[in-house]
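Reading through the C-alpha cells given below for one structure.
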Amino acid sequence: MENKPENSYLDKLISCFNGVFDKEPRNITLREFLFDMSEQHKEQIKRLRACSSKQEQKHFKNALPHATISGVFEGARKAENLAEHSGLICVDIDQKDNLEVPDFGLLIENVLSRFEEVLYAAHSVGGKGYFVIIPLKYPKLHKRQFLQLEEEFAGIGITIDHNCSDVCRLRCLSYDEAPYINEEAVAYTGVYNEPRQPQWQSWQRNG
C-alpha cells in the first residue's frame, strides 16, 4: 500500500451514508471506506457474522455505514442526484446463486485475482459471498457495461447479482483480513449491445 500509484482508483470519491436510512451523505475516498472504516467497525461486523438470526443480522447490517461505490451523490440516493460517477462498479457474488461453483471459498484466489480489471475483491459483510470492485472505461454507459460484465461472468459459470446494475446501489461496509487489492487494475472495456432485430424485407412473388 505504501507504493500506491498516482491517481489510484482507491482515491476516488464516493458517498458514505450512516446506515441504510441516512439521506445526507458525506464524501470520502474509496480507500477510507474499504480500509479505515472497516477497521473501525470490524468488531460489529464479527458480531453480525456470529448471529444465528437473519433478523438480527439485518438489524446490525442496516446500522453499519454504507457507500455508493459508483459515485458521489448530492442529497438522497437517487439517479438524478448523482453529481459525479467514480468510474467504478461493485458487483456481488452470492453463495446462494452459485451453489454449483466448485471451491466457492477460494473464488478470489482461483478466479477473481486472474482478471486484470479487478481492483478489489473481498468477503461481503455476511462472510459467505463476495463483492468485487472494477473500474469502468465508459462510466456514462454504466448499465451497458454491467450487462456485459454479467454476461462474461455467466460465461465462466458465475452469477452476479443483477441489482448491481443500479448506479445508486449501496454497498454495506465489510471486513476481510486478507482482501485482494490490485491498484494497477485496468478499466473494463466491455459494452453490451442489444441483439439486432431481423429486418424483414417485403418481397413479391412473381407468378
Expressed in nanometres to one decimal, the distance between label points 7 Å along Cα→Cβ at Asp166 and Tyr138 is 2.4 nm
At 222 nm, what value in deg cm²/dmol follows for the chain if DSSP H runs of at least 4 each add -39500 (n - 2.57) and the sum is divided by all its residues, to the nearest 500?
-5000 deg cm²/dmol
Can you report the principal axis dimensions of the stretch 119-162 using only the alpha carbons, biggest first, rounded to whole angstrom?
31, 20, 16
Loop-resident trypsin sites (Lys or Arg not before Pro) in the stretch 23-127 with no more than 15 other Cβ atoms inside 10 Å, DSSP not H/G/I/E/B, are Lys23, Lys78
Given R₀ = 25 Å, FRET efficiency for Ala178-Asn18 by Cβ-Cβ distance, to 0.05?
0.35
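Suppose we take every Cα in the chain and form the convex hull; what volume per residue is that in Å³?
So the per-residue Cα hull volume is 180 Å³.
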Taking all protein chains in place and a 1.4 Å probe, what share, in percent, of the accessible surface of the chain do carbon and sulfur account for?
46 percent
Mean-square fluctuation maximum in Gaussian network of the chain, Cα pairs under 10 Å, restricted to Asp161, Asp103, Asp176, hits Asp103
Whole number in Å², please: accessible area per residue of the stretch 46-130, 1.4 Å probe, ligands, DNA and RNA not counted.
54 Å²
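The values are calculated or read from the model by the stated rules, or taken from the named source; none is laboratory data. In this text, all values refer to a predicted model and were calculated from it rather than measured experimentally. Cβ: placed from backbone, ideal geometry, glycine included. Neighbour counts: every protein chain shown. Just so you know, the surface numbers come from the protein's heavy atoms only, side chains and all, with ligands and any DNA or RNA stripped out. Shrake-Rupley method; radii C 1.70, N 1.55, O 1.52, S 1.80 Å.
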